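For reference, the structure is listed below as structure tokens.
What follows is calculated from the coordinates using simple rules that are stated; it is not laboratory data. Computed from a predicted structure; not experimentally measured. All Cβ positions, even for glycine, are placed from backbone atoms using ideal geometry, and neighbour counts span all protein chains on display.
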Amino acid sequence: MGKRQEAPTGEAMSELEVAAEHALAAAGGDALVALLTVLARNIELERDLALSRAAISSGFSRGWHKARA
């Protein structure tokens with residue numbers, strides 16, 4: 001990703017930047033705590049997605065996820 005670039009004059013921050021600012025604020029400004037919290041939540045979401053893929057047929061999900069071979 002590299003260095004953070006400033007938004008051009010007059011443009012608002014991106015949604016991702018706003019979410020990052022909120023995560024930092026919720027962690028009291030501690031970047032490591034914010035990152036660990038986001039990573040932990042991501043693991044939970046990946047687990048939920050894997051469970052839903054196992055429970056829902058490919059036909060029911062209208063091809064949203066690929067059937068396993």
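Assorted remarks:
- Counted charge near Leu24, where neighbours are those whose Cβ lies closer than 12 Å (Asp, Glu -1; Lys, Arg +1): -3
- Local electrostatic count at Ala40 - Lys and Arg +1, Asp and Glu -1, tallied over other residues with Cβ under 14 Å: -1
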